[in-house]
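Undergrad: Supplied in structure tokens, the structure appears directly below.
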Amino acid sequence: MLTHALDQCQALTGSTDIKHYKAVLAQHRKASDAAFRDNADIRTLIASRAALVDRVLQAVWPQFMASDQQDACLVAVGGYGRHELHPFSDIDLLVLLEESASEAEHHDVAGLVTFLWDIGLQVGHSVRTVQECRAAATDDITVATNLLESRLVAGTAELFNRLRDKVGPQAIWPAPEFFQAKRAEQEERHERFANMEYNLEPNIKSSPGGLRDIQTIAWITKRHYQADDISMLVPRGVLTAEEFAQLRNGESFLWQVRYGLHMLSNRPEDRLLFDHQRELARIFGFTDTNKSLAVEQFMKIYYRWTMILHSLNDMLIQQFDDAIIRACEPEKILDINNRFRVRNGYIEAKNARIFEKYPSALIEVFQILARRTSIEGIHANTQRLIRHNLHLIDDDFRQNPKIQQRFIELLRSQNKVARQLRRMNRYGVLGRFIPAFGEIVGQMQHDLFHVYTVDAHTLELIRFLRRFWYEEESKLFPIAAQIVKQLPKIELLYIAGLFHDIAKGRGGDHSELGAEDARKFCQLFRFDDADTSLVCWLVRNHLLMSAVAQRQDIQDPTVIHKFASEVNSPEYLDYLYVLTAADINATNPTLWNSWRASLLRQLYFETKRALNVGLDKPTDRQQAIAKKQEAVFAKLASMGIGREAAQAIWGQSSEDYFLRESANDIVWHAENIISHGAAVEPLIAIKATEAFSQDSATEIFIYLPDSDLLFAVIAAALEQLDLNVQDARIFTSSTDYAMDTFVVLEQNGEPIGNDPQRIAHIRETLISVLSDSRSFPETVSRRTPRQMKLFAIATKVQISTDDENRLTVIEVVTADRPGLLAVLGRIFAEFRLKLISAKIVTLGERVEDIFYVTDPQGNPITEPATCDAIKLSIIKQLDEVVQSSQ
């Protein structure tokens, strides 16, 4: 079918029948797509489309040119010049004219371009003379690069040859300048993607390890070596045959992905979006298993290829630098030992058999890099030797005490530990040395919560652990920065970090499986029982502190005592806090906000205090309440507010109010209520949370007569104000007044701060909404982001009883969307549930909210039928909202 379309195009020579050409192109596209789905050779498909476009242009060129065509020719440039056309690739053309060409040719060109667009070809074109081409190429590296790949399609060859003479590889842009310009382009492009291959929705052309990296190598090869293909680097000794095969196979894989993207989106598309990832996984034959989704399997292969290509690109760029820039410079060589030396800033093995003779040098090279910060990296030839000798990393290698000691010393280094571990991963050493780590390389989790692959997240976690050491980070992470410098064995923290997610993708509890892997590693390295226990405990419990801080009431002494009992040691607590802070930051840059930081900080200090006092002396709830009440009365008295006035406000409020609110907040509430007096309008007070002297979030205190729909109304109003609720503490006095506190952040995750205008707007809006008990703000109608729509999560509801606090606990896991809390508030009102408190946890596209409720009499919901009805109502209404947004 592909050949038939070419023949049909040939038969149309001399015709400008738009309908016929469109039919030929459509027939070729249909046949090409069918062949792609049948796993045809991608290089054949790409070249076939370029050949078809050649035939089209050659057929119509004479119809739009003057009868004498000796003063013009049609030139393919860019990707089309390389014979590389995907279904919707731009067709870059140069109409080359003689200096003496008449204006008529320009009009013919306009007609030609219009015709090509009319038949469905995406054409980019320029009209220039040879001299104009030379001037443009001299001024602009992009033009020079496009012309570097030019080839004649139609017209006079003599004119095209003159162009090649004037703008060919040796004619303009000296090799050093060309190389430096292309390297700068690449560095700027990589910087836009944080120098990381692992983006959730990568750009297969521009991301590190993408097609542009391969093209950059090809351009430099053509300019410096005058070679038309990267394969010519093999006989020149720049590439090995194996490395060239990797480049070519990686390029073919990316071409398959790019063709599929164009086919699925029916337009030019280089972004590997979530919905395309799923469909391509299906097309390529992946299927879901108990351990991983089809899309995760496909993306693992994608990420592994881009890591290989990025690594090869780095190595070749360094070799080009040696050959092009440093070739005429005197070499600077510094001996390190009998195995390594530094050449022009890069460490290199002294001979090609160093690793065979000294296998431990495969770890030593990274150890030296960590010690000597002046070394820029590993020399290209030594990178190649490392990859060639990876087979030496076997069981005997891993069990060698000398090698083990080198690795531990690397972890203990004061400099660039995270960078060396990333290098070890890129060159394949880390995955060979810790085989379980090799299994997670490229392992993605198909959601919006985990923005990196498992290996990239793990190494990002190590980077954050290192950042805590830096003085400039102490303001952002004050507690972690203080703790990390006091840990007795920092290497144990790094090992726990390396193993905390190492069992992802296996099925089962990754924390338990990872702890078993960590135990085997510690035993292999002959750690004592105490160190082994600490590492395994950290891996097994790496999610514990975050879960308690965000999902439980850490004002409750019982919660603190239970958590302290699980930790059982100030040293364990220190390690766990630092690991938790790094884990949150390394999972998703948006997760770490001032509120989460304050929760962890409070949990850390309260637990530290409990451990110091002794677990055999837990804080008695009644004693804690009585102590807090006395502190409140004393502070109010100093402000001129007597005990009777304060008691009149609280009436017979439940003890929970004094347990869950801080003394300062209780005083703040009382002060505002008394100042408010008998005013009719609702009381709205706004301030920063205490959060141990840092503005972690904003508290909004609301005081007005209680009503069933109050929570739903407030939630809807806060949604309209673009505020995200982080926490809610709901109390009702004996006089039926609501005393509700909402902890909120702006949409960007920051507290409101000292912004009088914004605070006034919030207060006025809430007063307006709450002044009319019959009003209910319209549910916010905000467009659901594209990514969110792709992760529609079926709502899950779990209802249980907290016997100790006599509360019903409703846990809701569902897709995040505007108006969620308002919908839940309506449901609670329908069932006459009394909301006591709420914990709001947003994790990417998913929310995991916890609500503590009672019946109208303050008792837990015990009737199974009622619990089932509540559960079904929540699921039905929330899932209907999600479906309506699709």
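Undergrad: Pairs under 8 Å by beta carbon, first residue over 15 Å from residue 266 (Cα atoms) and open to solvent by 60 Å² or more (accessible area, probe 1.4 Å) in the stretch 21-40, partner assigned to a loop (DSSP other than H, G, I, E, B) and among the β-branched types (Val, Ile, Thr), six or more apart or different chains?
TA: 22/119
Conditions (1) touching a Leu at 6+ places or on another chain (Cβ under 9 Å); (2) assigned to a loop (DSSP other than H, G, I, E, B), marked per residue:
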position: 260; (1), (2): yes, no
position: 275; (1), (2): yes, no
position: 279; (1), (2): yes, no
position: 285; (1), (2): no, yes
position: 290; (1), (2): no, yes
position: 295; (1), (2): yes, no
position: 298; (1), (2): yes, no
position: 301; (1), (2): no, no
position: 304; (1), (2): no, no
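Undergrad: Within the bounds of the stretch 231-254, is there any residue that is open to solvent by less than 10 Å² (accessible area, probe 1.4 Å), within 20 Å of residue 296 (Cα to Cα), modelled with pLDDT under 95 and of a type outside the set (A, V, I, L, M)?
TA: No, the conditions are met nowhere in the stretch 231-254.
Undergrad: Residues in the stretch 281-303 that are over 22 Å from the mean Cα position of the chain (by Cα) and either open to solvent by less than 50 Å² (accessible area, probe 1.4 Å) or within 21 Å of residue 39 (Cβ to Cβ) (or both): how many?
TA: Of the residues in the stretch 281-303, 7 are over 22 Å from the mean Cα position of the chain (by Cα) and either open to solvent by less than 50 Å² (accessible area, probe 1.4 Å) or within 21 Å of residue 39 (Cβ to Cβ) (or both).
Undergrad: Write out, first by first residue and then by second, each pair whose Cβ atoms fall under 7 Å of each other, whose residues are 6+ apart or on separate chains, and whose first residue, in the stretch 819-831, is at positive phi while the second is part of a loop (DSSP other than H, G, I, E, B) and not acidic (Asp, Glu).
TA: 819/779; 819/780
Undergrad: Show me the helices (runs of 4 or more DSSP H) found entirely inside the stretch 110-182 where at least 3 residues are of a type in the set (Ser, Thr, Tyr).
TA: Answer list for the stretch 110-182: none.
Undergrad: Now for a separate question. Considering each of 482, 443 in turn, give the residue that is under 22 Å from residue 843 (Cβ atoms), open to solvent by 10 Å² or more (accessible area, probe 1.4 Å) and polar (S, T, N, Q).
TA: Step by step, each of 482, 443 is checked, and only 443 is under 22 Å from residue 843 (Cβ atoms), open to solvent by 10 Å² or more (accessible area, probe 1.4 Å) and polar (S, T, N, Q).
Undergrad: Here's something else I'd like to know. If only one of 543, 524 is open to solvent by 40 Å² or more (accessible area, probe 1.4 Å), aliphatic (A, V, I, L, M) and more than 27 Å from the chain's Cα centre (by Cα), which one is it?
TA: Unique residue meeting the criteria: 524.
Undergrad: Of all residues in the stretch 200-251, which are polar (S, T, N, Q) and either part of a helix (DSSP H, G or I) or without any contact (Cβ under 8 Å) to a residue 24 or more places away in the chain (or both)?
TA: 215, 216, 221, 231, 246, 249
Undergrad: Among the numbered criteria (1) open to solvent by less than 20 Å² (accessible area, probe 1.4 Å); (2) out of contact with any Cys (no Cβ under 9 Å at 6 or more places or on another chain); (3) of a type outside the set (Ser, Thr, Tyr), which one does residue 518 miss?
TA: With respect to (1) open to solvent by less than 20 Å² (accessible area, probe 1.4 Å); (2) out of contact with any Cys (no Cβ under 9 Å at 6 or more places or on another chain); (3) of a type outside the set (Ser, Thr, Tyr), residue 518 is out only on (2).
Undergrad: So, in the stretch 350-404, of the ones that are of a type in the set (Gly, Ala, Ser) and part of a helix (DSSP H, G or I), which residue ends up nearest to residue 338 (Cα to Cα)?
TA: Applying the filter and picking the extreme gives 361.
Undergrad: Check off (1) of a type in the set (Phe, Trp, Tyr); (2) touching a helix residue (DSSP H, G or I) at 6+ places or on another chain (Cβ under 8 Å); (3) at pLDDT 85 or above for residue 650 and give me the number that stays unchecked.
TA: Of the numbered conditions (1) of a type in the set (Phe, Trp, Tyr); (2) touching a helix residue (DSSP H, G or I) at 6+ places or on another chain (Cβ under 8 Å); (3) at pLDDT 85 or above, the odd one out for residue 650 is (3).
Undergrad: Yes or no: the stretch 339-346 includes at least one residue that is of a type in the set (Phe, Trp, Tyr), open to solvent by 40 Å² or more (accessible area, probe 1.4 Å) and within 30 Å of residue 177 (Cβ to Cβ).
TA: Yes, the stretch 339-346 contains a residue that is of a type in the set (Phe, Trp, Tyr), open to solvent by 40 Å² or more (accessible area, probe 1.4 Å) and within 30 Å of residue 177 (Cβ to Cβ).
Undergrad: At least 2 residues that are touching a residue at least 24 places away in the same chain (Cβ under 8 Å) and either farther than 18 Å from residue 502 by Cα or of a type in the set (Ser, Thr, Tyr) (or both) in each: list the helices (runs of 4 or more DSSP H) lying fully within the stretch 405-479 that qualify.
TA: 417-426, 454-467
Undergrad: Further question: Can you find a residue that is assigned to a helix (DSSP H, G or I), open to solvent by 10 Å² or more (accessible area, probe 1.4 Å) and among the basic types (Lys, Arg) anywhere in the stretch 546-554?
TA: yes
Undergrad: Another one. Can you pull out every residue in the stretch 546-576 that is of a type in the set (D, E, K, R), within 28 Å of the chain's Cα centre (by Cα) and at pLDDT 95 or above?
TA: Passing the criteria: only 574.
The values are calculated or read from the model by the stated rules, or taken from the named source; none is laboratory data. If you're wondering where the values come from, they're calculated on a predicted model, not measured in any experiment. When we count neighbours, we look across all protein chains shown, and the Cβ atoms used for this are built from the backbone with ideal geometry, even at glycine. Ligands, DNA and RNA are stripped out before the accessible areas are found, and what is left, the full protein with its side chains, is counted by its heavy atoms. Shrake-Rupley method; radii C 1.70, N 1.55, O 1.52, S 1.80 Å.
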